[in-house]
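Please read the structure below before turning to the comments.
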Amino acid sequence: MKIVETYSHLNGEEYLLVHHAEIYDEIKQVIAQVQASRFLTKQSKEKTMRGKQLFDPKAINAEFRRLFGAAGWKESRYQYYVTTNRKYLQDIINLPLQQQKRYLMEQGVEVPILSYKQTDFVKSRIAIEVQFGKYAFVAFDLFVKHLLFYSGDIINVGIEVLPVKAMASDPLGGRLMSTGVAYYEGEVYNILRHGRNSPPVPLLIMGIAP
């Protein structure tokens, strides 16, 4: 696959170019190794295109997992305790996990709630999410997951890899992806609408195509 467009939010791409140029090149090489034509294997069950061969997002994601894994990228989990009290949140956000629990219990929280978020690929404090799913999954990545890992001091930048809109369309007419799959142009638009500083985490969004 090839990178068609990129959008740098809060200097996400600039951070990579200055501090991790070799890793940035590695990411580009992994994307270039994915042969999208191999994954036109999903038979549509949608009424308007029943039986049509589409890109299989699960198979594409599995190929990215294989390639990034071979390059040393690993899954990471960030655990934290949940609170709805803003002051408590500000006090515990940078504390180690057990100190978070101890603090909440000292404030009278009898049973602190433990939670976690998981991201697929992390290396050198860089997180990558490859997303060929529905819109809601991308919004969760951008406005929750990357932000949580950043505020928890696990990463310095988050990368979101998305198909461009053209990947969903057959040049001869019709569609090549299921209805409702998020695409690069739409998600960059959503970020721009939120303003220059939202979400407050450096990001690089990459739009890819076959």
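Side notes on the structure shown:
- Verdict on SER151 being closer than 23 Å to ILE23 by Cα, touching a residue at least 60 places away in the same chain (Cβ under 8 Å) and among the polar types (S, T, N, Q): no
- The residues of region 54-86 that are exposed (fewer than 14 other Cβ atoms within 10 Å of the Cβ), of a type outside the set (Gly, Ala, Ser) and under 23 Å from VAL181 (Cα atoms), listed by number, are LYS58, ARG66.
- Region 72-92, residues that are under 18 Å from ASP141 (Cβ atoms) and in contact with a helix residue (DSSP H, G or I) (Cβ under 6 Å, 6 or more places away or on another chain): TYR78
- Remark: LYS101 matches the filter, which requires a residue to be crowded, with 16+ Cβ neighbours inside 10 Å, over 17 Å from the mean Cα position of the chain (by Cα) and among the charged types (D, E, K, R).
- Pairs with Cβ under 8 Å, 6+ apart, first in region 44-61 and closer than 15 Å to VAL130 by Cα, second of a type in the set (S, T, N, Q) and in a loop (DSSP other than H, G, I, E, B): ASP56/THR41; PRO57/SER178; ALA59/THR41
- First in region 16-36 and farther than 12 Å from ILE128 by Cβ, second anywhere and at pLDDT below 95 and outside any helix (DSSP H, G or I), Cβ under 6 Å, 6 or more apart: ALA36/PRO210
- Subset of region 39-49 [surrounded by 12 or more Cβ atoms within 10 Å (Cβ to Cβ) and assigned to a helix (DSSP H, G or I)]: PHE39, MET49
- Residue in region 201-209 that is assigned to a loop (DSSP other than H, G, I, E, B) and either crowded, with 19+ Cβ neighbours inside 10 Å or in contact with a Gly (Cβ under 7 Å, 6 or more places away or on another chain) (or both) present: yes
- Here region 119-141 is the region considered, the condition is being assigned to a loop (DSSP other than H, G, I, E, B) and touching a helix residue (DSSP H, G or I) at 6+ places or on another chain (Cβ under 7 Å), and the residue that is surrounded by the fewest Cβ atoms within 10 Å (Cβ to Cβ) is SER124.
- Scanning region 50-103 for residues that are of a type in the set (A, V, I, L, M, F, W, C), within 30 Å of ALA168 (Cα to Cα) and assigned to a strand (DSSP E or B) yields a single hit, LEU54.
The values are calculated or read from the model by the stated rules, or taken from the named source; none is laboratory data. Just so you know, these numbers come straight off a predicted model, no measurement behind them. Cβ coordinates were reconstructed from backbone atoms using ideal geometry, including for glycine residues, and neighbour counts include every protein chain displayed.
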